[in-house]
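Heads up, the thing below is written out as structure tokens.
Every number here is computed from the coordinates shown, using simple stated rules; none is lab data. Everything quoted here is computed from the prediction, not taken from an experiment. Here the Cβ is made from the backbone with ideal geometry for all residues, glycine too, and neighbour counts use every protein chain on show.
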Amino acid sequence: MKILTLLGSARKKGNTATVLTMVEDELQNMGHEIERIALHNQDISGCLGCGKCKEKPHEIACIQKDDATAIMEKMTAADGIIFTTPIYFWGFSAQTKALMDRSYAFVTDYHKPGHTSLLKGKRIALLSTGADSYENNAEGAFTSFDRFADFLLAGSHDSLYITAGASVEELRDNSVAQATEFARSIVA
């Protein structure tokens with residue numbers, strides 16, 4: 001499988017990137033092709049809500065000329081997509097949220113009989129890290145992601161939340177098994 005990973009953290013060696021690297025390593029060991037895009041290095045504007053993307057339902061027809069279009073093209077070419085984000089104020093990082101909002105361009109006829117998506121049937125997943133427990137911290141983001149996956153008509157979607165420890169080394173030591181299991185669930 002060709003799997004695109006979207007790093008939604010600005011910290012190249014932070015908690016989210018550390019766990020994502022473990023997931024990517026397991027997927028590569030299983031023979032899958034991985035491409036990582038660090039979203040903080042990209043120019044991704046917010047969705048304008050103009051609806052121009054709906055005029056051409058079989059292509060990515062967003063009128064904005066930024067890096068999101070190329071990323072969305074890679075998303076359509078991939079077999080699986082892993083969104084990643086640290087939890088900031090009970091939700092997604094700005095980088096991740098901006099790309100998720102722009103994903104509006106993938107879908108036409110939402111809530112209508114012809115509802116379709118350029119990502120229909122794709123495997124998508126959410127990997128997230130945060131300083132606090134899942135409850136009253138990350139659960140809203142995961143509920144939102146489940147609805148996002150349904151909106152995209154994703155074939156399957158998995159998720160993993162890791163409560164980050166005091167150091168990246170501690171995180172690495174405590175999260176390998178969870179990262180390995182998560183990687184395997186994505187391609188199962």
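Summary table
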read-out	value
Residue exposure sequence - Cys62, Cys50 - by fewest surrounding Cβ within 10 Å	Cys50, Cys62
Mean separation of Cα contacts under 8 Å (6+ apart) over length of the chain, as relative contact order %	26 percent
Region 129-184 shape via C-alpha gyration tensor axes, a/c threshold 1.5	oblate
Size of electric dipole in the chain: Cβ of Lys, Arg +1 and of Asp, Glu -1, about Cα centre, debye, nearest 20	600 debye
Beta bridge orientation in region 74-158: antiparallel %, DSSP, nearest 5	25 percent
Among Asp43, Asp146, Asp158, residue whose mean-square fluctuation peaks in a GNM of the chain (springs only between Cα atoms under 10 Å)	Asp43
Region 49-154: GluC sites (Glu not before Pro) in DSSP loop, at most 16 other beta carbons within 10 Å	Glu59, Glu135
Prolate/oblate/rounded call for region 8-117, Cα gyration tensor, a/c under 1.5 rounded	prolate
DSSP beta bridge pairing in the chain, given as percent antiparallel to the nearest 5	10 percent
Added length on full extension, which subtracts the Cα-Cα distance from 0.36 nm per residue, Lys120 to Asp132	1.0 nm
Where Cα atoms sit under 19 Å apart: lysine pairs in the chain separated by 8 or more or lying on different chains	19
Among Glu26, Glu170, Glu35, residue whose mean-square fluctuation peaks in a GNM of the chain (springs only between Cα atoms under 10 Å)	Glu170
Residue among Thr129, Thr69, Thr85 with the largest mean-square fluctuation in a Gaussian network model of the chain, springs linking Cα atoms under 10 Å	Thr69
At q = 0.08, 0.13, 0.14 Å⁻¹, base-10 log of I(q)/I(0) for the chain (Debye sum, equal scatterers on each alpha carbon)	-0.24, -0.64, -0.75
Those trypsin sites (Lys or Arg not before Pro) in region 70-168 that DSSP places in a loop and that have at most 16 other beta carbons within 10 Å	Lys120
Residues Phe151, Phe145, sorted so that the one with the fewest Cβ neighbours within 10 Å comes first	Phe151, Phe145
